[in-house]
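Novice: Right, I'll just put the structure down here and ask away after.
Values in this text are rule-based calculations from the coordinates and carry no lab data. All of these numbers come straight from a predicted model, not from anything done at the bench. Cβ coordinates were reconstructed from backbone atoms using ideal geometry, including for glycine residues, and neighbour counts include every protein chain displayed.
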Amino acid sequence: MDDYELDDDDLIQKISEKDLTAFQKLVEHQKAFVYNTCYNLIGNHQQAEETAQDVFLQVYKSASAFRHQSKVSTWLYSIAVNRSLNVIRRNRRSRWIKSLSTLEKEETGGEEPDTLLERKEMKSLLKSIVDSLPEKQRVAFILNKYENLSASTIAEILGISTNAVEVRIHRAKTNLQKRLTSLLKNNPEEL
Amino acid sequence: MNQDCQNIVNNLIDIVENSHPESLEKVILDHLALCPRCQRLVKYFSLGWEELSTAEKLSPPERFWPELLAKIQDSEKPQLLREKIILGLRNSLRPAAVSLTLLLGVFFGYQLGNRQHMDTIHTEMVYVEPYFQDFQDFPEGSVSDFLMKYEIPIQEEKP
């Protein structure tokens, strides 16, 4: 095993030569963020896991085609987003139902039961509203808000201009606000 | 829900992101100081909104790497076999395929050429009686027989 740490670019170079050790190292470094990106977009753990594996499979097969003109993480994001969108489009089930069915149980952490219930309800409400956004706005919003990526990085991932990304994020927030207003207006007991 | 509460609801995201218009700031703060329901709404919405970006990142299960490795090995095996088969077929069938294409081209070209000749003949048959090999074969008394026997008077050209 090498004593020095290889950066992601070096790992990709070795993977293009079908070095499985380097590939395993890359997977260990990046699997969490690829998996989370897929999960945030798809909303299902099983499918997110399969999609994340497909992302790395594609990386393994096409490592020699990587031009090193962008960061490896940007390239991984790009593949993860495209793959996830393919899965979403194939799925025919309602995103609303999926988002509610994939809620994870949270640890109580000593909070008051009422507070915890309200937090869980608010979190599930937000997730379901985000999941109901139009696809382009949803992707831009998730990458910006969930993954904390800048508009320029998102632009590079999606292959569009930074301005277009900012417009999509702004529209996503406007739509979220409209849906929140409508929801809270129809259910005043939420207040 | 009164108008002040509606203001809070209508600007919820801007409030938690601190991007609401300055003109509304005093109105919002004054109302939040007096309305416990709106205070609670803003508080829990803020927590939920913040959690979107700070939620703990999940890690895939332990089986992730072994399954991925199996997928890589599976993807490589059929590809080698498939490639060999395609290459073999290509090498052996290419000359035969070229020859067959040429023969088919000649055949269809011939058929097309014959078809046009038949169409011409058919057209002529619409306007005349059935075509006979020999002009003497026309049935006696038929129009064709009359026309064949009729002598067209020749007019002498005037100088």
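Novice: Quote to one decimal, in nm, the extra length available between B:I86 and B:Y150 on full extension: 0.36 nm per residue of separation minus the C-alpha distance between them. Please list the in-between numbers first.
Specialist: On the way: separation 64, 0.36 × 64 = 23.04 nm, distance 7.39 nm.
Result: 15.6 nm gained on full extension.
Novice: Pairs A:K31/B:K43; A:K178/B:K26; A:K71/A:K123; A:K61/A:K123: which exceed 30 Å Cα-Cα?
Specialist: Working: A:K31/B:K43 34 Å; A:K178/B:K26 23 Å; A:K71/A:K123 32 Å; A:K61/A:K123 38 Å.
Violating the 30 Å limit, Cα to Cα: A:K31/B:K43; A:K71/A:K123; A:K61/A:K123.
Novice: May I ask you to derive the FRET efficiency for B:R94 and A:L20 from their Cβ-Cβ distance with R0 = 51 Å, giving the value to the nearest 0.05?
Specialist: Values: r = 37 Å, r/R0 = 0.73.
So the FRET efficiency works out to roughly 0.85.
Novice: Run the simple label-point estimate for B:Q39 and A:S78 please: 7 Å along Cα→C-beta, distance reported in nm.
Specialist: Placing both labels 7 Å beyond Cα along the Cβ direction yields 5.1 nm.
Novice: Determine which residues of the range A:50-74 fall in the zone a paramagnetic label at A:D7 would reach in this model, i.e. backbone nitrogen under 20 Å from the point 7 Å along Cα→Cβ.
Specialist: A:63-74
Novice: Please grab the % of Cα pairs in the range B:3-54 that end up more than 14 Å from each other.
Specialist: For the range B:3-54, the fraction of Cα-Cα distances above 14 Å is 48 percent.
Novice: Rounded to the nearest 0.05, what FRET efficiency do B:Q3 and B:S46 have when you use their Cβ-Cβ distance and R0 = 22 Å? Intermediate values should be presented prior to the final figure.
Specialist: Numbers: r = 22 Å, r/R0 = 1.00.
Efficiency for this residue pair is about 0.50.
Novice: Using amide H atoms built in the peptide plane, which far-off residues or other-chain residues are under 5 Å from A:L149 H to H?
Specialist: A:N144
Novice: Using a 7 Å offset from the Cα along the Cα-to-Cβ direction at both B:S75 and A:K71, what is the distance between the two label points in nm, to one decimal?
Specialist: 2.4
Novice: For B:E67, project a label point 7 Å along Cα to C-beta. Then give me every residue of the range A:32-66 with its amide nitrogen under 11 Å of that point.
Specialist: Within reach of a label on B:E67, which here means backbone N under 11 Å from a point 7 Å along Cα→Cβ, the range A:32-66 contributes A:45-54.
Novice: Also, I was wondering about something else. Counting other beta carbons within 10 Å of each residue's own, what order do A:R171, B:R90 fall into, fewest first? Kindly include the intermediate steps, with their values, before the conclusion.
Specialist: Values: A:R171 16, B:R90 10.
Ordered by Cβ neighbours within 10 Å, fewest first: B:R90, A:R171.
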